[in-house]
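The values are calculated or read from the model by the stated rules, or taken from the named source; none is laboratory data. As the structure is a prediction and not an experimental result, all values here were calculated from the model. Please note: Cβ atoms are built from the backbone with ideal geometry, for glycine as well, and neighbour counts cover all protein chains shown.
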Amino acid sequence: MVALAPAVVPRRRRALGGGRLAPYLFVAPFVVVFLLFMVAPIVIAVSNAMYSSRSSGLGFGGAETVFVGLQNYATALRDGDFLFGFARVALYGLVQVPVMMLIAAGLALLFDSALVRARRFFQFAVFLPYAVPGVIAALLWGFFYQPSVSPLVQALQGLGVDADLLAPGTVLWSVANVSVWSNAGINMIILFSALQSLPRDTFEAARLDGAGELRMALSLKLPMIAPAVLLTTLSTVIGTLQLFNEPQVLQSITPHIASDWTPNMAIYAVSTLGGDTRLGSAMAVLLGLVTLVVSLVLVRVTNSSSREGL
């Protein structure tokens, strides 16, 4: 009999522990980036909010850092303008989020149907505003909102409508219009991609049973892409709570947007303009907690509705 030589394990494979370390090496870059740019800023903000800078002596000895515990959080919660910013974005979100999702879902369902010609062109046209930076989009719409130069306002005035799109009662919805115009396209793309992954034979069977496009959209397509709808809704809600670019830019052309108009603007005003980074960190942590709670509640409500529908 001929003895078989033992299998030779490649040196590279032995060096990696038989391949057991390979997955960790691939995951390591993500873990490092996640810890540096996601976890570390949160830890630093929480730690920073526990301290305060106070002048020592008669003010000639500079400032010293002292531990104050939850005092900065208490100061933030006593700030009426900061808390009213949450109420303002809540009202903003109650209108903007449903409108955004209705437009995005409606366009995605329309492009997925057989009713649209030149689909690629219209998809590109809807998605194009998302490629415009938020600051540029706010500047563009700011031009359309100024009564002295806006062709939109002048056209409305020509029809006998006295429109002031930057008035105290309308400026919130003018900001919402900029956000919807900028972000509806990306949400439409996400929902349309989810629709394209659905099995086509299900819809063919529904057509043979006499179901129209509207019936299939409401009874089949939307329930089947519920995870994608939840994803886009969550991202829209989080973006609403973090509203900053649009009102910050429009603030320069209207006196009806204060420096603390939204929670994010209040954080910027306190930490950058006011120079109190400790209080700004406390405000940022509170904003993060509110965002987390709202997201968890939305996910729980959505999951409960899905289980009841089964």
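Structure notes:
- For segment 181-233, a residue qualifies if it is surrounded by 15 or more Cβ atoms within 10 Å (Cβ to Cβ), among the small types (Gly, Ala, Ser), in a helix (DSSP H, G or I) and over 30 Å from the mean Cα position of the chain (by Cα), and exactly one does: 206.
- Out of 95, 89, 99, sole residue that is modelled with pLDDT of 90 or more, surrounded by 12 or more Cβ atoms within 10 Å (Cβ to Cβ) and in contact with a Leu (Cβ under 6 Å, 6 or more places away or on another chain): 89
- Pair list, Cβ < 8 Å and 6+ apart or interchain, from segment 207-231 residues that are under 16 Å from residue 193 (Cβ atoms) to residues that are of a type in the set (D, E, K, R) and surrounded by 15 or more Cβ atoms within 10 Å (Cβ to Cβ): 221/112
- Scanning segment 234-259 for residues that are outside any helix (DSSP H, G or I) and buried (at least 21 other Cβ atoms within 10 Å of the Cβ), we see that the one that is nearest to the chain's Cα centre (by Cα) is 243.
- Scanning segment 153-207 for residues that are of a type in the set (Val, Ile, Thr) and at positive phi turns up nothing.
- Residue within segment 59-76 that is at pLDDT 90 or above and either among the hydrophobic types (A, V, I, L, M, F, W, C) or not in a helix (DSSP H, G or I) (or both) present: yes
- Contacts under 7 angstrom Cβ, first residue in segment 64-78 being on the phi < 0 side of the Ramachandran plot and touching a residue at least 40 places away in the same chain (Cβ under 8 Å), partner assigned to a helix (DSSP H, G or I) and small (Gly, Ala, Ser), 6 or more apart: 72/282; 73/282; 76/282
- Answer from 179, 174, 235, 219 - the residue that is more than 30 Å from residue 288 (Cα to Cα) and hydroxyl-bearing (Ser, Thr, Tyr): 219
- Segment 111-126, residues that are surrounded by fewer than 17 Cβ atoms within 10 Å (Cβ to Cβ) and of a type in the set (A, V, I, L, M, F, W, C): 114, 115, 116, 118, 121, 122, 124, 125
- Unmet requirement for residue 53, which otherwise passes all of (1) part of a helix (DSSP H, G or I); (2) of a type outside the set (Lys, Arg); (3) touching a Lys or Arg at 6+ places or on another chain (Cβ under 7 Å): (1)
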